[in-house]
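Please read the structure below before turning to the comments.
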Amino acid sequence: MKKLTLNQLSKPIILVAFFLILTILRPSSFLSASNLGNVLWSVSVYGIMVSGTIFVFLLGGIDLSIGSLCGLTAVTCVMTIRHFNYSTTGVLLGILLTLGVGLLAGLVHGVIITTFKVPAFLVTFATQIIFLGLSMIFTNNKILSCQNPPAFTMIGKNPVPIILMIIAAAISWFVLRKTATGRYVYAVGGNPQAAAISGISVTKITIMAYMISGFTTAIGGIVLASMTQQCMASTGSGYEQFVIMAGVIGGISLLGGEGTVPGAIFGAVIIGLLQNGLNLMSVPSTQHGLVRGIVIIAAVGFDALQRDPAFQGWLAKRKQARAKNA
Amino acid sequence: MANEIILEAKNIYKSFSGVPVLQDVHFEVRKGEVHALMGENGAGKSTLIKIITGVYSKDAGSIWWEGKEVQVSSYADVQKLGIACIYQELSVEPPLTVAQNVFLGREPRKFGLIDHKKMIKDTEALIKQYGFPLKATDLVSNLGIGLRQLVEILKGLSCDSKLLIMDEPTASLSGKEAESLFGIIEKLREKEVSIIYISHRLEEVYRLSDRLTVLRNGKNAAVLNHDEIEPRKVIKTMIGKEVDESAGSAKEMRTNPNEVVLDVKDFSDDIGRFKNVSFQAHKGEILGFGGLIGAGRTELMRAIYGIDKHKSGTATLNGVELKYTAKSSIQAGFGFVPEDRRNQGFIPLLSTVKNVALTNYDIIKASGPSISDKDERDMGIRAIKQIDIRPDNPDKEVGLMSGGNQQKVVLGKWIMRDLKVLIVDEPTAGIDVGAKDQIYAILEDLAKQGVVVILVTSDLQELIRVSHRILVMRKGSIIKEFNSGVVTQSMVLEAGSGIVD
């Protein structure tokens, strides 16, 4: 039996603490089934997105474009459906086209990053602007509504988004945990030179990771468009923040090589609970950003503290002292 | 030449955890002389220099500067005396100009702001005084490695340094850059700057130095004047008669009668790091590659294995030409243990099990896309047993292990495969003696099973002890083969230094 470390236990502890605090503060409203369902529903879009973007994080890369790509894919989907007169065929074509756009965006990212050795930060920073610009052109900066057909609107209704999130997370977990490809992702993120000498194509793995990120972002875009039954250029804007935040809170190292899908989903759920808690306690939405930022710093600081050898030494010493007293 | 002694280290003793590294070493440098310091790996050169520059403390002895005893406990102390050290890893800042680098941290001020005019003027004056091919306003990032080294030297001179210490200054320079550096060194000598010149390259030492101190096993072996610096004699002094005739330093070479497994023909790259290299390796043979650092051995092996590109030539394995990519080479039966273990050898955050498995997912059992955790783990445990990794925790992150165990993990991922050729580059650098012996045993065992082992090493003792046959490279070409008769460390070193009968 492996001993659980503080690091492994910290996530369940934080989750339970969140539940307890919110239950005590808002007993009637928080623990209702509809409220908890709403929390998961609101989390599902970035839960789906982080299930794919985790591949990029594990390589030590970053994808800043996912927020505006989410918008661009939502626009693609809605415009196709509208073009086909809100028919079910239109929905099917729209979904396929949208997933294609996501994959293509990832392919472009991966190829530019591996061919020209440009930092991922810069490439996706630029495409973030480009994707937003394309959405602006396509929508003419107007809101496009899409309240039909049911085949489309059902995607955003509970429990479909939550099920999609669970499927995306499960597949991502399976690939990373169970397949050779997953092992290669951790190896390339941990030491690309050693991975290359071990016969792993760093280029292929990198391109694959950005394509997966683009793919899940496209799913996120479709779900978000269906949830809101409309889209505009700014749909999904800022979602890259939520996804990076979920990853960081979930213990993913942005330097690469470290992190798990359950961790990332945990991070997403924590963001949802935080948001929900703030709403239930009637904290004005103008103050939410401030709280979110502080939570990120706290999560990152806590993580860094746990890795600090001085802190670990201090813990070990306290343990010894306690053992002596007992 | 002035005879005044500028620096003298007397009766220096130093040991690390009980092992004596320097014993009663004496070393002196005269004003305006180029004094070379030579010795095999582990002879104590760098320890001596680190004591002189205040990086290490000495156990006993004294250091005298311009006739007075001095206590140095940090590099800053040493700089104040007028000693500057030009390290192999240059410490210049590429985004700054030459002048900004030279005056970094002590910029001349005017009204509290940096006085750029004065800085540039003073730098130009220095450049002119020593005739360096530089301009004060050049951006260092636009300069080649040779010129960057000159900036470093200029930085030392600007602090009125009277003694410059150069550690293998030509290791990463091209022939032309090295020539230019030699010219500068001669000019510095004329200006009465003293230089301690540490190098493995006999021809440089012969050309430049006024005197040469040779260290051997932490003791003074000899101090030679310029006219006494005769290459063969220096090598004999470095290695020592008693060492050269002791066991492990001399061995009978042999030609392996088995069939040729690896056949390399006319291998060249496009910038001459290796040129028209041809060799054959036989089944079950340990083929050693000797030569000085920078002779092109590592580059050649990386190109054969397929991590780097080559321009012309072929390499065939059992008659089939390789495809020169790491993946295809592994599939064909190659294994590769790189020179730089920390940066290229293993994945520090992953466990022994996952590091060992990394090259072996083609042979680990799987059901559909899902690999068998059990089979992966069994392989890791097998590797741990077979190569004796301690502690034997298969889940321990490899980054947290000792150097010896890390190297065993790197070897472990290859010996789980059906190998035909294993290339090992400096396999025991920075590894303790016990682990070294175990690694040698693994290599010998592989050879017995018919694997071709190609050993690149700068450790002469290791080269002779482990190899069945030795090829010596120099400046990108194989210049000597030892395939019969007794070979000694001196013979390998002579060949690597270009002394050929």
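The values are calculated or read from the model by the stated rules, or taken from the named source; none is laboratory data. In this text, all values refer to a predicted model and were calculated from it rather than measured experimentally. Note: ideal-geometry Cβ built from the backbone for every residue, glycine included; neighbour counts use all protein chains shown. To get the accessible areas, we keep the full protein, side chains included, count just its heavy atoms, and leave off ligands, DNA and RNA. Shrake-Rupley method; radii C 1.70, N 1.55, O 1.52, S 1.80 Å.
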> Considering only residues of segment A:174-194 that are hydrophobic (A, V, I, L, M, F, W, C) and facing chain B (nearest Cβ under 7 Å), which is farthest from A:Val43 (Cα to Cα)?
Replying inline: A:Ala194
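Tell me which residues, restricted to segment B:396-405, are assigned to a helix (DSSP H, G or I) and open to solvent by 10 Å² or more (accessible area, probe 1.4 Å).
Result: B:Gly399, B:Leu400, B:Gly403, B:Asn405.
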> Mind checking whether some residue in segment B:231-253 is assigned to a loop (DSSP other than H, G, I, E, B) and of a type outside the set (Gly, Ala, Ser)?
Replying inline: no
>> Looking only at segment B:326-348, count every residue that is more than 7 Å from chain A (Cβ to nearest Cβ) and under 22 Å from A:Leu255 (Cβ atoms) and tell me the total.
In response: 3
>> So, in segment B:449-483, exactly how many residues are assigned to a helix (DSSP H, G or I), open to solvent by 10 Å² or more (accessible area, probe 1.4 Å) and out of contact with any Asp or Glu (no Cβ under 8 Å at 6 or more places or on another chain)?
In response: 2
> What residue, among those in segment B:315-325 that are open to solvent by less than 60 Å² (accessible area, probe 1.4 Å) and touching a residue at least 40 places away in the same chain (Cβ under 8 Å), is farthest from the other protein chains (Cβ to nearest Cβ)?
Replying inline: B:Thr316
> Is one or more of the residues making up segment B:203-223 among the polar types (S, T, N, Q) and assigned to a loop (DSSP other than H, G, I, E, B)?
Replying inline: yes
> Is it the case that segment B:433-455 has a residue that's within 17 Å of A:Tyr184 (Cβ to Cβ), among the charged types (D, E, K, R) and modelled with pLDDT of 90 or more?
Replying inline: no
> Does segment A:172-186 contain any residue that is under 14 Å from the mean Cα position of the chain (by Cα) and touching a residue at least 12 places away in the same chain (Cβ under 8 Å)?
Replying inline: yes
>> Looking at segment B:349-379 only, could you name the residues that are more than 9 Å from chain A (Cβ to nearest Cβ), touching a residue at least 24 places away in the same chain (Cβ under 8 Å) and not small (Gly, Ala, Ser)?
In response: B:Thr352, B:Val353, B:Val356, B:Asn360, B:Ile363, B:Arg377, B:Met379
>> From the list B:Val410, B:Val486, B:Val424, exactly one residue is crowded, with 23+ Cβ neighbours inside 10 Å and either under 22 Å from B:Glu259 (Cα atoms) or in contact with an Asp or Glu (Cβ under 6 Å, 6 or more places away or on another chain) (or both). Which is it?
In response: B:Val424
>> I'd like to check something: does segment B:382-393 contain any residue that is β-branched (Val, Ile, Thr), facing another protein chain (nearest Cβ under 9 Å) and in a loop (DSSP other than H, G, I, E, B)?
In response: no
> Considering only segment B:287-314, how many residues are more than 14 Å from chain A (Cβ to nearest Cβ), surrounded by fewer than 23 Cβ atoms within 10 Å (Cβ to Cβ) and more than 11 Å from B:Asp269 (Cα to Cα)?
Replying inline: 4
> Just one of A:Ile219, A:Ile137 is away from every other protein chain (no Cβ under 14 Å) and within 19 Å of the chain's Cα centre (by Cα); which is it?
Replying inline: A:Ile219
>> Can you tell me which condition A:Tyr239 does not meet? The list is (1) in contact with a helix residue (DSSP H, G or I) (Cβ under 7 Å, 6 or more places away or on another chain); (2) open to solvent by 40 Å² or more (accessible area, probe 1.4 Å); (3) more than 23 Å from A:Val185 (Cβ to Cβ); (4) at pLDDT 90 or above, and all the others hold.
In response: (3)
> Only one of (1) open to solvent by less than 70 Å² (accessible area, probe 1.4 Å); (2) in contact (Cβ under 8 Å) with a residue 40 or more places away in the chain fails for A:Arg26. Which number is that?
Replying inline: (1)
> (1) assigned to a helix (DSSP H, G or I); (2) without any contact (Cβ under 8 Å) to a residue 60 or more places away in the chain; (3) surrounded by fewer than 19 Cβ atoms within 10 Å (Cβ to Cβ): which one isn't true of A:Phe125, the others all being true?
Replying inline: (2)
> Pick from A:Ile222, A:Ile200, A:Ile212, A:Ile207: which is open to solvent by less than 20 Å² (accessible area, probe 1.4 Å) and farther than 16 Å from B:Leu358 by Cα?
Replying inline: A:Ile222
> Across segment A:286-299, what is the number of residues that are open to solvent by less than 70 Å² (accessible area, probe 1.4 Å) and among the hydrophobic types (A, V, I, L, M, F, W, C)?
Replying inline: 5
> Do you know which residues across segment A:66-88 are polar (S, T, N, Q) and within 21 Å of A:Ile54 (Cβ to Cβ)?
Replying inline: A:Ser68, A:Thr73
>> Let me confirm something: among A:Ile112, A:Ile171, A:Ile163, which residue is of a type in the set (Val, Ile, Thr), assigned to a helix (DSSP H, G or I) and within 14 Å of chain B (Cβ to nearest Cβ)?
In response: A:Ile171
> Cβ-Cβ below 9 Å, separation at least six or inter-chain, first residue in segment B:167-184 and closer than 12 Å to B:Tyr197 by Cβ and β-branched (Val, Ile, Thr), second at pLDDT below 80 and open to solvent by 50 Å² or more (accessible area, probe 1.4 Å): which pairs?
Replying inline: B:Thr170/B:Glu177; B:Thr170/B:Gly294
> Considering A:Gly313, A:Gly277, A:Gly272, which residue is open to solvent by less than 20 Å² (accessible area, probe 1.4 Å), small (Gly, Ala, Ser), part of a helix (DSSP H, G or I) and more than 30 Å from A:Thr127 (Cβ to Cβ)?
Replying inline: A:Gly277
> Is it true that A:Met154 is away from every other protein chain (no Cβ under 14 Å), open to solvent by less than 90 Å² (accessible area, probe 1.4 Å) and either in a loop (DSSP other than H, G, I, E, B) or touching a residue at least 40 places away in the same chain (Cβ under 8 Å) (or both)?
Replying inline: no
